[in-house]
1. Which ³J(HN,Hα) values, rounded to whole Hz and listed in residue order, are derived for segment A:63-72 from phi using the Karplus coefficients 6.51, -1.76 and 1.60 in 6.51 cos²θ - 1.76 cosθ + 1.60 with θ = phi - 60°, glycine and proline given as x?
2. So which GluC sites (Glu not before Pro) in segment B:1-78 end up in coil per DSSP with only 11 or fewer other C-beta atoms within 10 Å?
3. Relative to 2.2 N^0.38 Å, what does the C-alpha radius of gyration of segment A:6-73 come to as a ratio? Two decimals please.
4. Under a crude label model (7 Å from the Cα following the beta-carbon direction), how far is residue B:93 from residue B:68 in nanometres?
5. Write out the GluC sites (Glu not before Pro) in segment A:36-115 meeting two conditions: DSSP loop, and at most 14 other Cβ atoms within 10 Å of their Cβ.
6. I need A:106, B:33 ordered by Cβ neighbour count within 10 Å, fewest first.
7. Based on Cβ point charges of +1 for Lys and Arg and -1 for Asp and Glu, what charge dipole magnitude is obtained for chain A about its Cα centre, in debye rounded to the nearest 20?
8. Note down the relative contact order for segment B:23-68 as a percent, whole number, built from C-alpha pairs under 8 angstrom at least six residues apart.
Amino acid sequence: DAGVTQSPTHLIKTRGQHVTLRCSPISGHKSVSWYQQVLGQGPQFIFQYYEKEERGRGNFPDRFSARQFPNYSSELNVNALLLGDSALYLCASRPGTVGGIYEQYFGPGTRLTVT
Amino acid sequence: QKEVEQDPGPLSVPEGAIVSLNCTYSNSAFQYFMWYRQYSRKGPELLMYTYSSGNKEDGRFTAQVDKSSKYISLFIRDSQPSDSATYLCAMRHNTNAGKSTFGDGTTLTVKP
């Protein structure tokens, strides 16, 4: 079975630009979460979506937004990029509902570099 | 202060050694405790998860949770060079399973 897939793998953007990152969850998984991982740190929670609705948001500015589509894929958008947005962006999916016992499975990430 | 603190390492051990990785946390509402392995520039891979206090064993890996002390551990027996990676502890509430709080990771090197 295919795992969580993310695209693109890498990208380089300039300060002030906008970026869209994409994620396809494991087949059958309806919950998608986004995390930001800065080099040398653990992943930080950005958003969770379940059944196309936002179910949680971390401590990130409004420049960050996301959505989930009817096929449960998701995209993360970041506007007005700053140098500090350079990081590995991780998508994770899980089965089940918002709570419960099932754990998340992560994709390979998109490495964003802002220059 | 961070909700989850992880022994920073790095840790270097000879092949065959027993490895102990540790995290402490401050939020007593956490109920699920996970360990992920992350190779360089890759996504985290779920190794083990435990609900509430107790031990869980899976092959060479044992996870321990002590909720009274707010302390979790991962033990790796008979460590192999292929175990060389960064290990991340993570924890979450029951009601929002898509939001985990992570430690900053411990980088382990197992030397042949």
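Just so you know, all these numbers are worked out from the coordinates, no wet-lab data involved. Only a predicted model underlies this, so the values are computations on that prediction, with no experimental measurement involved. No Cβ is skipped: glycine too gets one built from the backbone with ideal geometry, and neighbour counts run over all protein chains shown.
1. Ordered by residue, 3J(HN,Hα) equals 5, 9, 9, 8, 7, 10, 9, x, 8, 6 Hz.
2. Details: sites: B:3, B:5, B:15, B:45, B:57; in loops: B:3, B:15.
Taking segment B:1-78 and a limit of 11 other Cβ atoms within 10 Å, no loop GluC sites (Glu not before Pro) are found.
3. 1.17
4. Label-label distance for residue B:93 and residue B:68, simple model: 2.6 nm.
5. When the GluC sites (Glu not before Pro) of segment A:36-115 are filtered for loop state and at most 14 Cβ neighbours within 10 Å, A:51 remain.
6. Neighbour counts put them in this order, fewest first: A:106, B:33.
7. Value, rounded to 20: 220 debye.
8. Computed value for segment B:23-68: 28 percent relative contact order.
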